[in-house]
Amino acid sequence: MVKKVGKPATVQRVAAQSVATPVVKRTEGVQISAKEGDIMGSGRSANPSANSPANPSTETLTHHVWSAKERKDTSILVVCGGLSHERDVSLSSGHRVAGFLEDAGWTVALHDMDSELLDYLSDPATHPDLVWPLLHGANGEDGSIRDILEMEDVPYLGSRAKASRTAWSKPIAKNVVRKAGLHTPHSVTLPESMFRELGATKVIDLLVNSVGLPLFIKPTMGGSAMGCTLVTDAEQLPQAMVSCFAYGSVALVEKAVVGAEVSVSVLEIDGELVALPPLEIDTPNGTYDYDARYTPGPTEFFIPARVERSILDDLRSEALTAHKALGLRDISRTDFIVDEHGIPQFLESNVTPGMTDTSLLPESALAAGYHLADLYSSMVESVLAQNRHRGA
């Protein structure tokens, strides 16, 4: 548990210059730029980073920027860690966000989700003004920690518990966005018991004959691509199911769509929704697995994605539609595959996107000309201004 105070930051708006689509390899501290006009909505931009477009024009926001004293007197608690399979990612996200908030002058504490957390939240001496839950995986994204925070009457940044549960279940989320008009790959949902009771070989044969190859196998609930496998041959299916059931008892078997994998992050600041530039992911093996997500190396990002301008607009629009249809709040990241016909196919929406130094949302924000310390401060200020309390 750490409390620190950093330097205050000044929030400004940056108009990004028009540049060629950059190719970005994952390296420590990479900062990137986007084409002009690749931001939907009027977000809260910030001072340009060292590698942002040269000589950007800026204008001071009418948005109230808290003074150094106000930030120092405001306690922000970042909850991270937990006991899910994504503990290490959560810790990395938590420390990164806490560090940027400290740089912006906030009083920040970090706390694991452990037996001492409730005491910390209820003690008047440590009761925070705001919690930013950065728990990935179960408990963090299934609504549980948000229920706890609401019962403790602690304001928090992010989606409410009910919306988190809806997005956390991939089959339910797919049904919700489909009703909202989005396309999503055909899929079936099968529990582990179905393979055991009906016979694994017969169920696998039925999947191949009915849904067809290639298939994408993943747990219905989970993140960081854990337990996910692209199956191009029927002989791969048994091992893919074993890998999936190691992370959850129910599998989503989805028709694999061939195309560009694109992620669109959405922020909500002062009541305005902001879609960051669509980010295309290109990996050597064609699968954005755990290693590709969190290991600096050959993974390349294209910001904006290498698709037609009209498809970029569709991606931003559909990410906003998913955010609203699922009832999400403050922050989300929606993943798509753009198929051979140029149609974005919804895969999932994340209520607690990764915020590590190799995560997609921060890279999209940097491409849009944001300074992360100022951006995260604007998000915090937006929530604090709403005076959220139990159930709000």
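Tallying residues that are in contact with a Ser or Thr (Cβ under 6 Å, 6 or more places away or on another chain), within 22 Å of Gly81 (Cα to Cα) and buried (at least 24 other Cβ atoms within 10 Å of the Cβ) within the range 355-392 yields 3. With respect to the conditions (1) part of a strand (DSSP E or B); (2) among the hydroxyl-bearing types (Ser, Thr, Tyr); (3) surrounded by fewer than 20 Cβ atoms within 10 Å (Cβ to Cβ), Ser265 falls short on a single one, namely (3). Evaluating Gln236 against the criteria (1) assigned to a helix (DSSP H, G or I); (2) buried (at least 18 other Cβ atoms within 10 Å of the Cβ); (3) of a type in the set (S, T, N, Q) leaves one unmet condition, (2). Within the range 101-116, if we keep just the residues that are more than 13 Å from Trp132 (Cα to Cα) and part of a helix (DSSP H, G or I), the residue that is most open to solvent (accessible area, probe 1.4 Å) turns out to be Asp103. Any chance the range 272-290 includes a residue that's touching a Gly at 6+ places or on another chain (Cβ under 7 Å), at pLDDT 95 or above and of a type in the set (Gly, Ala, Ser)? Within the range 272-290 (the criterion being touching a Gly at 6+ places or on another chain (Cβ under 7 Å), at pLDDT 95 or above and of a type in the set (Gly, Ala, Ser)), the answer is yes, since at least one residue qualifies. In this structure, does Ala367 turn out to be touching a residue at least 24 places away in the same chain (Cβ under 8 Å), closer than 22 Å to Trp132 by Cβ and touching a Phe, Trp or Tyr at 6+ places or on another chain (Cβ under 9 Å)? So Ala367 fails the test. Figure legend. Inter-residue proximity from the range 330-341: first residues within 13 Å of Glu261 (Cα to Cα) and part of a strand (DSSP E or B), second residues open to solvent by 20 Å² or more (accessible area, probe 1.4 Å) and acidic (Asp, Glu), beta-carbon distance below 6 Å, spacing 6+ or different chains. Indicated pairs: Asp335/Glu348; Ile337/Glu261.
With respect to the stated conditions, Arg87 fails to be of a type in the set (Lys, Arg), open to solvent by 50 Å² or more (accessible area, probe 1.4 Å) and under 18 Å from Ser349 (Cβ atoms).
Take the range 342-354 and flag every residue that is surrounded by 21 or more Cβ atoms within 10 Å (Cβ to Cβ) and in a loop (DSSP other than H, G, I, E, B). If the condition is that a residue be surrounded by 21 or more Cβ atoms within 10 Å (Cβ to Cβ) and in a loop (DSSP other than H, G, I, E, B), then Val351, Thr352, Pro353, Gly354 are the ones that fit. When Leu375 is tested against (1) over 16 Å from the mean Cα position of the chain (by Cα); (2) modelled with pLDDT of 95 or more, only condition (1) is not met. Residue under question is Ala251, and the condition is that it be part of a strand (DSSP E or B) and surrounded by 16 or more Cβ atoms within 10 Å (Cβ to Cβ); does it hold? When the stated conditions are applied, Ala251 passes them. Considering the range 117-154 alone, what residues qualify as being under 21 Å from the mean Cα position of the chain (by Cα), in contact (Cβ under 8 Å) with a residue 60 or more places away in the chain and not in a loop (DSSP other than H, G, I, E, B)? Across the range 117-154, the qualifying residues are Leu130, Trp132, Pro133, Ile145. Among the residues of the range 296-314, just one is open to solvent by 70 Å² or more (accessible area, probe 1.4 Å) and at pLDDT below 90, namely Pro298.
Here is the figure for the range 315-341: residues that are open to solvent by less than 20 Å² (accessible area, probe 1.4 Å) and small (Gly, Ala, Ser) total 3. When restricted to residues that are out of contact with any Asp or Glu (no Cβ under 7 Å at 6 or more places or on another chain), closer than 28 Å to Gly137 by Cα, assigned to a helix (DSSP H, G or I) and open to solvent by 30 Å² or more (accessible area, probe 1.4 Å), the range 155-213 contains 12.
The values are calculated or read from the model by the stated rules, or taken from the named source; none is laboratory data. Just so we're clear, the structure is a prediction, and the values are computed from it rather than from any experiment. As a convention, Cβ positions derive from the backbone with ideal geometry for all residues, glycine included, and neighbour counts pool all protein chains shown. Surface accessibility is based on the protein's heavy atoms, side chains included, excluding ligands, DNA and RNA. Shrake-Rupley method; radii C 1.70, N 1.55, O 1.52, S 1.80 Å.
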